[in-house]
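Q: Take this structure, written in structure tokens, and hold onto it; I'll ask about it next.
The values are calculated or read from the model by the stated rules, or taken from the named source; none is laboratory data. Predicted model, so just to flag it, every value in this text is computed and none were measured. Reconstructed Cβ throughout: ideal geometry from the backbone, glycine too, with neighbour counts over all protein chains shown.
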Amino acid sequence: MKAARIAMATALAVTSWAVFAKPAAPAAPAPQDIVAAREAGMAMSAATLGALKAGSANGAPIKGLGFAAGALDKWAKAMPALFAPSTRGLPSRAKPEIWTDPAGFAAKAAALASATKTLSAAARAEDKDAFATALASTGAACKGCHDSFQTPPPAPKAG
């Protein structure tokens, strides 16, 4: 009987502690992790855009390209947040102008988001002509931002 009381008291204490204990807040990602996520997202968006271009050129059903177009649209909306001030100066291809010209960067990011939104809508509507136009606009928006805010890739090493 005494053991049962001790077990109940222990269970009550543990339950009370569990109810009132505050879970630890998740740690914010380290700036290097933000840069890694940004670079991975850029690589995946380039691959996705390439796949969309190939699919469109090869006559793939436009509706079948909708998931990839939608994913690219989500990336375009999330991408600017990965250029957090804490990432400024870390090794990457991002030019300092991202942080010194935030309005210019925001305008380029908005152009990409607009283009990918149109691309995704055209895929859902199965509109081949609108999809082709939006695909070209998306590629131009990517290039426009990279021309202004990304350093060129390093030259290949000889030999």
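Q: For SER56, are the conditions met, namely being assigned to a helix (DSSP H, G or I), in contact (Cβ under 8 Å) with a residue 40 or more places away in the chain and over 21 Å from MET44 (Cβ atoms)? Show your work before the answer.
A: Details: assigned to a helix (DSSP H, G or I): yes; in contact (Cβ under 8 Å) with a residue 40 or more places away in the chain: yes; over 21 Å from MET44 (Cβ atoms): no.
No, not satisfied.
Q: Let me ask something additional. Residue check: is ALA78 surrounded by 20 or more Cβ atoms within 10 Å (Cβ to Cβ) and under 16 Å from ALA46 (Cα atoms)? Talk me through it step by step, then tell me what you get.
A: Numbers: surrounded by 20 or more Cβ atoms within 10 Å (Cβ to Cβ): no; under 16 Å from ALA46 (Cα atoms): yes.
No, not satisfied.
Q: In addition: Condition first: under 18 Å from LYS128 (Cα atoms) and not hydrophobic (A, V, I, L, M, F, W, C). Can you find one or more residues in the stretch 80-88 that meet it?
A: At the first step, the residues of the stretch 80-88 found to be under 18 Å from LYS128 (Cα atoms) are none.
No, because not a single residue in the stretch 80-88 is under 18 Å from LYS128 (Cα atoms) and not hydrophobic (A, V, I, L, M, F, W, C).
Q: Kindly indicate whether any position in the stretch 69-91 is more than 18 Å from ARG38 (Cα to Cα), among the polar types (S, T, N, Q), in a helix (DSSP H, G or I) and at pLDDT 95 or above.
A: No, the stretch 69-91 has no match at all.
Q: Taking only the stretch 135-159 into account, find how many residues are among the β-branched types (Val, Ile, Thr) and either in contact with a helix residue (DSSP H, G or I) (Cβ under 8 Å, 6 or more places away or on another chain) or within 17 Å of PRO80 (Cβ to Cβ) (or both). Give the derivation first.
A: Going through the stretch 135-159, the residues among the β-branched types (Val, Ile, Thr) turn out to be 138, 151.
If we keep only those that are either in contact with a helix residue (DSSP H, G or I) (Cβ under 8 Å, 6 or more places away or on another chain) or within 17 Å of PRO80 (Cβ to Cβ) (or both) too, we end up with 138.
The total comes to 1.
Q: Moving on to the next point. Where residues in the stretch 94-111 are free of Cβ contacts under 8 Å to residues at least 24 places away in the same chain and assigned to a helix (DSSP H, G or I), which of them is surrounded by the fewest Cβ atoms within 10 Å (Cβ to Cβ)?
A: Here the answer is ALA103.
Q: Go through the stretch 135-149 and count every residue that is in contact (Cβ under 8 Å) with a residue 24 or more places away in the chain and either out of contact with any Lys or Arg (no Cβ under 6 Å at 6 or more places or on another chain) or small (Gly, Ala, Ser) (or both). Working first, answer last.
A: Here is the first cut: in the stretch 135-149, the ones in contact (Cβ under 8 Å) with a residue 24 or more places away in the chain are 135, 138-142, 144-145, 148-149.
Checking the rest, the ones that are also either out of contact with any Lys or Arg (no Cβ under 6 Å at 6 or more places or on another chain) or small (Gly, Ala, Ser) (or both) come to 135, 138-142, 144, 148.
Residues meeting the conditions: 8.
Q: Related question: Does the stretch 10-51 hold any residues that are over 30 Å from SER137 (Cβ atoms), in a helix (DSSP H, G or I) and modelled with pLDDT of 85 or more, and which are they? Walk me through how you get there before you give the answer.
A: We begin by selecting, within the stretch 10-51, every residue over 30 Å from SER137 (Cβ atoms); these are 10-33.
Keeping just the survivors that are in a helix (DSSP H, G or I) gives 10-20, 31-33.
Result: PRO31, GLN32, ASP33.
Q: Taking the stretch 112-159, which residues are more than 23 Å from GLY41 (Cβ to Cβ) and either loosely packed, with under 14 Cβ neighbours inside 10 Å or among the polar types (S, T, N, Q) (or both)? It would help to see each step written out before you state the result.
A: Start the filter on the stretch 112-159 by keeping residues that are more than 23 Å from GLY41 (Cβ to Cβ), which leaves 125-130, 132-133, 155-159.
Correct list: ALA125, ASP129, THR133, ALA155, PRO156, LYS157, ALA158, GLY159.
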